[in-house]
Amino acid sequence: MATSADLIRVEHVIKEYNHGAVKALNDCSLSIQKGEVVAIIGPSGSGKSTLLRCLNLLEVPSSGHIYFNGVDITDKKVDINLHRRKMGMVFQHFNLFPHMTVKKNITLAPVQLGLKKQEEADAQAMKLLERIGLANKADEFPNMLSGGQKQRIAIVRALAMEPEVMLFDEPTSALDPEMVGEVLDLMRDLAHEGMTMAVVTHEMGFAREVASRVIFMDSGAILEENSPRFLFDSPQNPRTQAFLSKVL
Ligand SMILES: Nc1ncnc2c1ncn2[C@@H]1O[C@H](COP(=O)(O)OP(=O)(O)OP(=O)(O)O)[C@@H](O)[C@H]1O
């Protein structure tokens, strides 16, 4: 059962593809409390992105339950859109709308969903853009921006929905190395402000420094979870040890 302190709780989730030929998640359970920053690490193909995408039901589990704020969002009777709008998501490839200005990208969802009037959303967008030092890009189109700028705009676009949790799927993997820092800095600031975050990442330095908890996955299973200090300095599972010995 979900407890009231859990913002998200995943219970025994299995995700299969190709009629069971691929078992991307094999009985995963975890909980994320309000204000926690959970980093999800592990080798390529271990199920990290699938797990993250299950949290807001972008991927629907084959079995198991996911609770958000105590509501079982895997229950078919639940309107997932009402819950998903409280879960901001940031993708590896930004997913900005190329034919819309930066400002329009940020205001679109709050206005279309009737959460804000256009003027209110515009003012909020400008505030968010000022925060990341990109107010001068408000009327430009995404193709005029660097990868780091695009990703920071994707992050503030998600923030414009005033989410309760932010889900990051390898947010720096598509960036040139010199742009990784500006995106991680923004994520670090959000973490320090108390934003609840789940982050699939290959940035072990970020996981160590910012995460409150690190989850290690392999072959669709959560093999180990601990504070970054313990997980990185004293990994218990041989597969965690082998993985970290390669990447650190
Ligand atoms: N839509 C899909 N159809 C079939 N198989 C899939 C699909 N999505 C993921 N998989 C498979 O599920 C497994 C887990 O994939 P997933 O992308 O979650 O791993 P990952 O740990 O995020 O990998 P990476 O670090 O390379 O992004 C892999 O074997 C992958 O090939």
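The values are calculated or read from the model by the stated rules, or taken from the named source; none is laboratory data. Note that the structure is predicted; figures quoted are calculated from it, not measured. All Cβ positions, glycine included, derive from the backbone under ideal geometry; neighbour counts span all protein chains shown. Side chains included, ligands, DNA and RNA excluded: accessible areas come from the protein's heavy atoms. Shrake-Rupley method; radii C 1.70, N 1.55, O 1.52, S 1.80 Å.
Can you list the GluC sites (Glu not before Pro) in segment 145-240 that are in a DSSP coil and have 10 or fewer other beta carbons within 10 angstrom?
Filter output for segment 145-240: 193.
When DSSP beta bridges are limited to those with both residues in segment 77-223, what percentage is antiparallel, rounded to the nearest 5?
Of the beta bridges lying entirely in segment 77-223, close to 20 percent run antiparallel.
Just for the chain, what percent of DSSP beta bridges are antiparallel, to the closest 5? Each step should come with its number before you reach the end.
On the way: 21 of 38 bridges.
Counting only bridges with both partners in the chain, antiparallel ones make up about 55 percent.
Can you give the accessible area per residue of segment 1-42, in Å², using a 1.4 Å probe? Provide the component values of the computation, followed by the final result.
Values: 2030 Å² over 42 residues.
About 48 Å² of surface per residue is accessible.
What number, in percent, do you get for the relative contact order of segment 79-150 if the mean sequence gap of Cα pairs under 8 Å and at least 6 apart is divided by its residue count?
37
Heavy atoms of the protein only, probe of 1.4 Å, neighbouring chains included. What is the accessible area of residue 169 in Å², nearest 10?
Surface accessible to solvent at residue 169 totals approximately 20 Å².
In segment 177-248, carbon and sulfur make up what percent of the accessible area (probe 1.4 Å)?
Carbon plus sulfur share of accessible area: 50 percent.
From Cα pairs below 8 angstrom and at least 6 apart in sequence, can you work out the relative contact order of the chain, rounded to a whole percent?
26
With all protein chains present, how much of the accessible area of segment 57-112 (probe radius 1.4 Å) comes from carbon and sulfur, to the nearest whole percent?
55
Compute, for segment 1-41, the length of the dipole vector about the Cα centre, with Cβ point charges of +1 (Lys, Arg) and -1 (Asp, Glu) only. Units Debye, rounded to 20.
It works out to roughly 60 debye.
What is the total of Lys pairs in segment 67-215 with C-alpha atoms under 17 Å apart, excluding same-chain pairs fewer than 8 positions apart?
So the count works out to 16.
Return the single residue from 175, 82, 186 with maximal mean-square fluctuation; model: Gaussian network over the chain, springs between Cα atoms under 10 Å.
Of 175, 82, 186, the Gaussian network model singles out 82 as fluctuating most.
Rounded to a whole number, what is D in µm²/s for the chain from Stokes-Einstein with the Kirkwood radius over alpha-carbon pairs (25 °C, 0.890 mPa s)?
Once the numbers are plugged in, D ends up at 131 µm²/s.
For the chain, the longest stretch holding no trypsin sites (Lys or Arg not before Pro) located in a DSSP loop with at most 10 other Cβ atoms within 10 Å is which?
That would be 78-248.
So if R0 is 35 Å, what FRET efficiency would residue 14 and residue 136 give, r being the distance between their Cβ atoms, rounded to the nearest 0.05? Please report the intermediate quantities before stating the final value.
Working: r = 48 Å, r/R0 = 1.37.
About 0.15, to the nearest 0.05.
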